[in-house]
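Let me begin by presenting the structure, written as structure tokens, before commenting on it.
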Amino acid sequence: MKHITLIAAAVAATLGSMAFADGHEANPAVKARQAHMQLYAHNIGILGGMAQGKIDYNAALAQIAADNLAAVAAMNETTYWIEGTAEGTKALPAIWDNMDDFMVKQDGLTVASTAMAEVAGTDLASLQGAMGDLGGTCSACHR
């Protein structure tokens, strides 16, 4: 009987959350963009914190964050940037006005992230040196 009650509660919770989600959640493309940006922010936060001396340099952790960043940057984001998904988001209309330019900037982030991954675990000075290019690629879109 206890198992039936637990199953019934789980089904009710699932159906209830599905009913609430219908019409109350962001477009899946928007959610994917936001998640992608959170992964960027998390890993850049680690690297930037080390570069600024706010976090003690740790070669292993720096390498993990840089490898993660490079992997996320290498993902094809085409399915995230669907026409009509800018409404109610922080994404600038300029992205849709010139998607080719936006994708070129994305390619720049991929290059800078790969360069960071090549040096992040070497030493603090190398990580700091790679931060300039990485930061520049972020600034290319986030002004």
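Here Leu39 sits with roughly 80 square angstrom of accessible surface, probe radius 1.4 Å. In nm, give the distance between the simple-model label positions of Ala115 and Ala71, each being 7 Å from the Cα along the Cα-to-Cβ direction. Modelled inter-label distance: 2.3 nm. Measuring between their Cα centroids, region 88-143 and region 30-51 lie 11 Å from each other. Figure note: Ser139, Ser126, Ser113 ranked by solvent-accessible area, largest first, 1.4 Å probe, ligands and nucleic acids not counted: Ser139, Ser126, Ser113. For region 21-122, the dipole from Cβ point charges (+1 on Lys and Arg, -1 on Asp and Glu) about the Cα centre works out to 340 debye, to the nearest 20.
The values are calculated or read from the model by the stated rules, or taken from the named source; none is laboratory data. Keep in mind that this is a model prediction, so the values were computed, not measured. Don't worry about glycine lacking a Cβ; one is built from the backbone with ideal geometry, like all the others, and counts go over all protein chains shown. Heavy atoms of the whole protein, side chains included, go into the accessibility calculation; ligands, DNA and RNA do not. Shrake-Rupley method; radii C 1.70, N 1.55, O 1.52, S 1.80 Å.
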